[in-house]
Amino acid sequence: MRVPHEPWPADEAEALRQQLALRERVEPGGPLTARTVAGLDVSYDGETGRAVAAVVVLDLATLTVVETATATGAVTFPYVPGLLAFRELPLLADALERLTVTPDVLVCDGYGVAHPRRFGLACHLGVLTGLPAFGVAKTPFTAAFAEPGPRRGDWSPLTEDGDVLGRVLRTQPRVKPVFVSVGHRIDLDTATALTLTLSPRFRLPETTRQADQISRRLLGGLQAAR
């Protein structure tokens, strides 16, 4: 699948310009029917400045793997809060372009509109690919929330200045919640339901868990070969 994009920015000012321009292309979404869902994750080698991106496409009905793709390379953009997407996107785009199937939905290990400028990684990937996308983050980044109830499926709103930016969702009983926010062409109810479907046994969705395992395993092999 193709991931059209401008040349990746070399500095913070250009990254911010691209982010604000692309933000205007985010589209709201409603309910959707998905058969395949892709998870994306990146693992970093702090010593060499290299990273591995992994994409895992799962069959939503069975959670079995349909296809995987990876990409390895140097990290070319510094760590800047709110601009994390530009560290990850070059390798994630390479990995996505190596897929032979086009997934129905993308699930990012990060945020969508729950972002200081309302344009996190899930928004960015959704706009570039044209696919429905949402984020499931492990930790809070912006906005305020109350702890959800203790049961699987309990949630509370993630809000900022009166705007609902996502949900704090309990995927397993009495386990730390995750933070769900929409990115592009999907609504929050659908993103919440998909997160629960993808998390039958563990806190994190299988899309994220499996992409993380693949990227870490490949990175470990590269480190061992040094």
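No value in this document is a laboratory result; all are computed from the given coordinates. Keep in mind that what you see is a predicted model, and the values were worked out from it rather than measured. Reconstructed Cβ throughout: ideal geometry from the backbone, glycine too, with neighbour counts over all protein chains shown.
Considering only DSSP states other than H, G, I, E and B, which chymotrypsin sites (Phe, Trp or Tyr not before Pro) in region 1-107 qualify as loop sites with at most 10 other Cβ atoms within 10 Å?
Counting only loop positions with at most 10 other Cβ atoms within 10 Å, the chymotrypsin sites (Phe, Trp or Tyr not before Pro) in region 1-107 are Tyr79.
Match the structure shown to one of the listed values (1) 262; (2) 168; (3) 120 of volume of the Cα convex hull per residue in Å³, computed from it, and give that label.
After the calculation, the listed value that fits is (3).
Restricting to DSSP H runs of at least four residues, report the calculated mean residue ellipticity at 222 nm for the chain, -39500 (n - 2.57) per run over all residues, nearest 500 deg cm²/dmol.
Helix contribution divided over all residues of the chain: -9000 deg cm²/dmol.
Could you work out the local net charge near Ala53, counting Lys and Arg as +1, Asp and Glu as -1, over the other residues with Cβ closer than 9 Å to its Cβ?
Net charge around Ala53: -3.
Restricting to the chain, compute how many DSSP beta bridges are antiparallel as a %, nearest 5.
Rounded to the nearest five, the antiparallel share is 85 percent.
At a threshold of 8 angstrom on Cα-Cα distance, excluding pairs fewer than six apart, so keeping six or more, what relative contact order does region 1-66 reach in percent?
With pairs under 8 Å counted, the relative contact order is 21 percent.
At what distance in angstrom do the alpha carbon centres of region 170-200 and region 1-32 lie from each other?
Region 170-200 and region 1-32 have Cα centres spaced 23 Å from each other.
Within the chain, which whole H helices from DSSP have a Cα span along their axis of at least 30 Å and a mean Kyte-Doolittle hydropathy of 0.0 or more, if any?
Helices meeting the span and hydropathy rule in the chain: none at all.
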